[in-house]
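Q: One structure coming up, written as structure tokens, with questions to follow.
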Amino acid sequence: IQPPVSRFLFLAFAVTGVPLIDGGTVRLPRLIGLSRALDLILTGRPIGAQEALAYGLANRVVPDGQALQAALQLAEEISCFPQQCLRADRSSAVYSCYDASSFTQAIQYEMDHGIPVIQSEAVSGAARFTTGTGRGGQFS
């Protein structure tokens, strides 16, 4: 969640002789593509909220002064969902991007970590769905 006037700043460590050793050269290209990542890594230029949104570095842009409120509201919404399911899905998405060596391995991870959740949360979740919860994006 990003206010429109805020900036992401990528420090150009290369120009000072200090290489990025925090995973930035590994993670950033995977998130936004090599060309954009190199632009930010090598120049250190700041980018605004709209560019960060376009790059996928921010998911939402909110009015100035409302970032904390919007983040807390998002956290509240997410906290109402079945937590084992959310954790399994998040873990699988991260694994598939950074750790899986193949599509098949990523699918296997998803299945291995999703099946236990089906047994513990999905039956009650399906019952709630049949009564209307979650249809059309409405969860309350």
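Q: How about segment 10-79: which trypsin sites (Lys or Arg not before Pro) there lie in a loop by DSSP and see at most 15 other Cβ atoms within 10 Å? Mind dumping the intermediate values first?
A: Details: sites: R27, R30, R36, R60; in loops: R60.
Within segment 10-79, the qualifying trypsin sites (Lys or Arg not before Pro) (loop, at most 15 other Cβ atoms within 10 Å) are R60.
Q: Could you tell me what percent of the accessible area of the chain is made up of carbon and sulfur, with a 1.4 Å probe and every protein chain present?
A: Details: 5810 of 9680 Å².
Of all accessible area on the chain, carbon and sulfur atoms account for 60 percent.
Q: Still on this structure, please answer the following. What is the spin-label model distance, in nm, from T25 to V123 if the labels are put 7 Å beyond Cα along the C-beta direction?
A: Result for the modelled spin labels: 5.2 nm.
Q: Using a 1.4 Å probe on the protein heavy atoms only, what accessible surface does D112 show? Give it in Å² to the nearest 10.
A: D112 exposes around 90 Å² with every protein chain in place.
Q: Only helical DSSP H runs with n ≥ 4 go in: add -39500 (n - 2.57) per run for the chain, normalise by residue count and round the 222 nm mean residue ellipticity to 500 deg cm²/dmol. Kindly include the intermediate steps, with their values, before the conclusion.
A: Numbers: 7 runs with 78 residues, N = 140.
Taking each H run of at least 4 residues, the total per residue is -17000 deg cm²/dmol.
Q: In square angstrom, what is the accessible area per residue of segment 89-130 with a 1.4 angstrom probe?
A: On the way: 3060 Å² over 42 residues.
Spelled out: the 1.4 Å probe surface of segment 89-130, per residue, equals 73 Å².
Q: What do you get for the angle between helix 103-117 and the principal long axis of the chain? Use alpha-carbon atoms, 0 to 90 degrees, nearest ten.
A: 50
Q: Two decimals is fine: what's Rg over Rh for the chain, C-alpha atoms, Kirkwood radius as Rh? Show your work: numbers first, answer last.
A: Working: Rg = 19.3 Å, Rh = 18.2 Å.
A ratio of 1.06.
Q: Helix 34-43 against the longest principal axis of the chain: what's the angle in degrees, Cα atoms only, rounded to the nearest 10?
A: Between helix and principal axis, roughly 40 degrees.
Q: Now for a different question. About its Cα centre, how strong a charge dipole does the chain have in debye, to the nearest 20, once Lys and Arg get +1 and Asp and Glu get -1 at the Cβ? Could the numbers behind the result be given before it?
A: Details: 10 positive and 11 negative charges, 42 e Å.
Charge dipole of the chain: 200 debye, to the nearest 20.
Q: Related question: With Cβ to Cβ distances under 14 Å as the rule, what net charge do the other residues near C85 carry (K, R +1; D, E -1)? Can you show the working numbers first?
A: Numbers: positive: R87, R90, R128; negative: D89, E110, E121.
Combined, the nearby Lys, Arg, Asp and Glu give 0.
Q: Here's another thing I want to ask about it. Summing +1 for each Lys or Arg and -1 for each Asp or Glu, what net charge is found among the other residues whose Cβ lies under 14 Å from the Cβ of L38?
A: Numbers: positive: R27, R30, R36, R45; negative: D39.
So the surrounding residues net to +3.
Q: Taking 0.36 nm per intervening residue step and subtracting the Cα-Cα distance, what contour gain separates D99 from R45 on full extension? Before the final figure, lay out the partial values.
A: Values: separation 54, 0.36 × 54 = 19.44 nm, distance 2.97 nm.
That works out to 16.5 nm of additional length.
The values are calculated or read from the model by the stated rules, or taken from the named source; none is laboratory data. Computed from a predicted model, the values in this text were never measured in an experiment. Quick reminder, even Gly has a Cβ in these numbers, built from the backbone with ideal geometry, and neighbours come from all protein chains shown. Remember, those area values only see protein heavy atoms, side chains included, never the ligands or the DNA or RNA. Shrake-Rupley method; radii C 1.70, N 1.55, O 1.52, S 1.80 Å.
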